[in-house]
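Reviewing the structure listed below.
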Amino acid sequence: MKVGVIGGGYVGLVSASCFAKLGFNTMILENDKRKINKIQRAISPIYEDQLDSLLKLTIIQNGNLSITNDRDLFFKNSDIIFICLPTPSQSNGEIDLNYILKELMELGKLISKSNKFKFIIIKSSVVPGSTSGIIKSTLEVYSNKKVGFDFGLGVNPEFLMEGQAINNFFNPDRIVIGTLDQKTKTVLSKLYESFNCPKLFVTLDEAEMIKYVSNSFLATKISFINQIANLSENFNINMDNIVDGIGTDKRISKQFLRSGLGFGGSCFPKDVLALYNLSKQYDSTISILKKTLEINNYQPLRVVKLLKNQFDLKNKNISLLGLSFKPGTDDIREAPSLKIVKELIKYDCNISVYDPAHKNTKLPSHQYLHICESIEEVLNNSDAAILVTEWDEFKSLEPVNFSNMNNKLIIDGRRILDPNIYHNSNVKLITIGNSRINSS
Ligand code: UDX
C-alpha cells in the first residue's frame, strides 16, 4: 500500500514521515519549491522535536519518503491519499475550504482518467458535514465517478500536539476513522493495524465532529481553570493544589488544567470559533464556546492590567520571556505574547523579547520591539519581565538571574517559578493564580 500526502505543512510532513517510518512507501505533494528543496535534503522546514532525524531516516537512509510538485507522478504513486491542507479561519469565523476544494478538483480529474480504486482521506480539520457534502460532491462531479464504487472517501482527524507530534503519532490515545464505504474502512484498518490503541469506526460527520469537540472541550477546560485561578488570587490558594485536588478525580483528570495566559496556536482558537459559528448557523448556538474565546482573549490583557497596578506603564522597558504559543515550537500563531505586545505598545513601552526558538529569527523590526539573543540581554535595564512561555530554560531562573533589571518585578504568566525561592529576595514575583503567596 503506497501512501500519498497532499500538503507538506505541519500535519502533512509529520504524518508522511511517520508513515514512511512504519515502512510505507510515502510521497508528499507540495507546491512550495523552497520547502521541497529543504525536505529533499532531509532538513525540516519546521521546528519539531525528532523531525530532522526522522527525515534523515526516511528520505536518505531507507528512501521510503519522497516529495514532489508533479501531481501526475504523485497520483500514480499513491493508493491512499491524505489531504493535509490548511483550513484557515475566514473573517466571519467560518473555515475556508478553498485550498482543499481546488486540490480535489484536480484529484477528481485524475480519478476520472484512472482505472485504479484510490482512497481520498481528509486529515485537515473540516467542520461536520463538509466531507459528506461539498467534498464528496466536488470529487464526484470532477471525476464523474461514485464514492464507494469507483473511489473511497474517509475522514481521519489528527490529534498531534506541536512539539510532541511524532510521539503523538506513534502513541495515540485513539484513532478515529470516519467512512461511508466498506473498502475505505478496510484499507484504513490495514494501514493502522500495527497500532494498539482503540480504533473508532464512525461516520464521516462523526469523525469531523470528534475533532472539533476534542479541541473545543480542551480549550474550554483551559478557560474554565483560568477563571478559577483569577478568583483564587483573592484567597490563600495555590492553583497546583486545586488541580491536584480535582484532577485526581479520574472523571476530571489533571490534563489541560494549567492556568495562566490562555491558549494559542493554529488549532484551538480556530476550531473553537469554527464550531461556534457552525452551531449558530444551525440555530443550536453553543454559547459556552463564545465565553471560552472571550476568557482566552482576556487572560493576556490581565497581565498588563497587573503591571499597571504596579506602576505607570508609559515608556517603560518591558521584557518578555517567551514568544512562541507554547514551548517546543517556534510557532507564534495566536500566541498570547502577541496580544501582550499589542497592548503594551499602546503605552509606548519598549519591549524586548527572548525566546529560545527565536534567537535568530528576523522578525519584522518594530520601533518598540527588540528581539534578544539571551536571557541576560532581555532583562538588561528592564522595568518588569513577563514570563510568557514555559520553556525549560526559564524554569530554573532564580532571583540572581534578574540582577541586571532596573526594577526587579516579574510576572509569571505560566506559574513555573517557585515563589518560595523569591520570598525574602529583592525580586518581586507575581504569579498568575497565586497572588496571596507572592513574594515582595
Ligand atoms: C492542539 C491539540 O492538543 C491537538 O490535539 C490538535 O490536533 C492541534 O491542537 P497544539 O495546538 O499543538 O495542539 O497545542 P496544545 O499542547 O494542545 O496547547 C494548546 C494551547 O493551550 C497552548 O497555547 C498551551 O500553552 C495552552 N494550554 C495547554 C494551557 O494554557 N493550559 C493547559 O493546561 C494546556
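Each residue in the stretch 243-256 was checked for being among the basic types (Lys, Arg) and more than 13 Å from the ligand (Cβ to nearest atom), and 2 pass. Looking only at the stretch 277-290, residues that are surrounded by fewer than 22 Cβ atoms within 10 Å (Cβ to Cβ), in contact (Cβ under 8 Å) with a residue 24 or more places away in the chain and under 22 Å from residue 301 (Cβ atoms) come to 1 in all. No other residue among 235, 195 is surrounded by fewer than 15 Cβ atoms within 10 Å (Cβ to Cβ) and either under 30 Å from residue 178 (Cα atoms) or in contact (Cβ under 8 Å) with a residue 12 or more places away in the chain (or both) apart from 235.
Scanning the stretch 317-332 for residues that are part of a loop (DSSP other than H, G, I, E, B), buried (at least 24 other Cβ atoms within 10 Å of the Cβ) and among the hydrophobic types (A, V, I, L, M, F, W, C) turns up 323, 325. Against the test of being of a type outside the set (S, T, N, Q), buried (at least 24 other Cβ atoms within 10 Å of the Cβ) and either in contact with a Pro (Cβ under 7 Å, 6 or more places away or on another chain) or not in a helix (DSSP H, G or I) (or both), the options 4, 23 yield a single qualifying residue, 4. Where residues in the stretch 261-316 are in contact with a helix residue (DSSP H, G or I) (Cβ under 7 Å, 6 or more places away or on another chain) and assigned to a loop (DSSP other than H, G, I, E, B), which of them is farthest from residue 214 (Cα to Cα)? Filtering first and then ranking leaves 313.
Selection of helices (runs of 4 or more DSSP H) fully inside the stretch 174-256 by the criterion of at least 3 residues being more than 30 Å from residue 152 (Cα to Cα) returns 204-232, 239-247.
From 223, 259, 319, which residue is closer than 28 Å to residue 397 by Cβ, in contact (Cβ under 8 Å) with a residue 12 or more places away in the chain and more than 11 Å from the ligand (Cβ to nearest atom)? From the options 223, 259, 319, the qualifying one is 319.
Any idea which residue in the stretch 274-305 is nearest to residue 217 (Cα to Cα), counting only those that are over 22 Å from the mean Cα position of the chain (by Cα) and within 16 Å of the ligand (Cβ to nearest atom)? Per the criteria, the residue is 302. Can you tell me how many residues in the stretch 263-273 are more than 6 Å from the ligand (Cβ to nearest atom) and either surrounded by 24 or more Cβ atoms within 10 Å (Cβ to Cβ) or acidic (Asp, Glu) (or both)? So the count comes out to 2.
Residue by residue, here is whether (1) among the small types (Gly, Ala, Ser); (2) within 16 Å of the ligand (Cβ to nearest atom); (3) part of a loop (DSSP other than H, G, I, E, B) holds:
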position	(1), (2), (3)
337	yes, yes, no
343	no, no, no
370	no, no, no
373	no, no, yes
377	no, no, no
401	no, no, no
415	no, yes, yes
420	no, no, no
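Residue count for the stretch 291-311 under the criterion of being touching a residue at least 12 places away in the same chain (Cβ under 8 Å), within 17 Å of residue 234 (Cα to Cα) and of a type in the set (D, E, K, R): the result is 1.
Somewhere in the stretch 145-165, is a residue more than 16 Å from the ligand (Cβ to nearest atom), touching a strand residue (DSSP E or B) at 6+ places or on another chain (Cβ under 8 Å) and more than 17 Å from residue 82 (Cα to Cα)?
Yes; the residues of the stretch 145-165 include at least one that is more than 16 Å from the ligand (Cβ to nearest atom), touching a strand residue (DSSP E or B) at 6+ places or on another chain (Cβ under 8 Å) and more than 17 Å from residue 82 (Cα to Cα).
Taking the stretch 95-118 as the range and being in contact (Cβ under 8 Å) with a residue 40 or more places away in the chain, surrounded by 16 or more Cβ atoms within 10 Å (Cβ to Cβ) and either β-branched (Val, Ile, Thr) or part of a loop (DSSP other than H, G, I, E, B) (or both) as the test, the residues that pass are 95, 111. Scanning the stretch 119-141 turns up no residue that is of a type in the set (A, V, I, L, M), within 16 Å of the ligand (Cβ to nearest atom), in contact with a helix residue (DSSP H, G or I) (Cβ under 7 Å, 6 or more places away or on another chain) and part of a helix (DSSP H, G or I).
For the stretch 34-59, residues that are in contact with a strand residue (DSSP E or B) (Cβ under 9 Å, 6 or more places away or on another chain) and over 19 Å from residue 24 (Cβ atoms) total 2. Residue check: residue 240 meets all listed conditions (1) within 13 Å of the ligand (Cβ to nearest atom); (2) modelled with pLDDT of 95 or more; (3) not hydrophobic (A, V, I, L, M, F, W, C) but one, namely (2). Working only within the stretch 1-35, note down all residues that are over 15 Å from residue 58 (Cβ atoms) and among the hydrophobic types (A, V, I, L, M, F, W, C). Those that are over 15 Å from residue 58 (Cβ atoms) and among the hydrophobic types (A, V, I, L, M, F, W, C): 1, 6, 11, 29. Answer yes or no: is there a residue in the stretch 29-46 that is free of Cβ contacts under 8 Å to residues at least 40 places away in the same chain, surrounded by fewer than 24 Cβ atoms within 10 Å (Cβ to Cβ) and more than 25 Å from residue 329 (Cα to Cα). Within the stretch 29-46, not a single residue is free of Cβ contacts under 8 Å to residues at least 40 places away in the same chain, surrounded by fewer than 24 Cβ atoms within 10 Å (Cβ to Cβ) and more than 25 Å from residue 329 (Cα to Cα).
The values are calculated or read from the model by the stated rules, or taken from the named source; none is laboratory data. Keep in mind that this is a model prediction, so the values were computed, not measured. Neighbour counts are summed over all protein chains in view; Cβ atoms, including those assigned to glycine, are modelled from backbone coordinates with ideal geometry.
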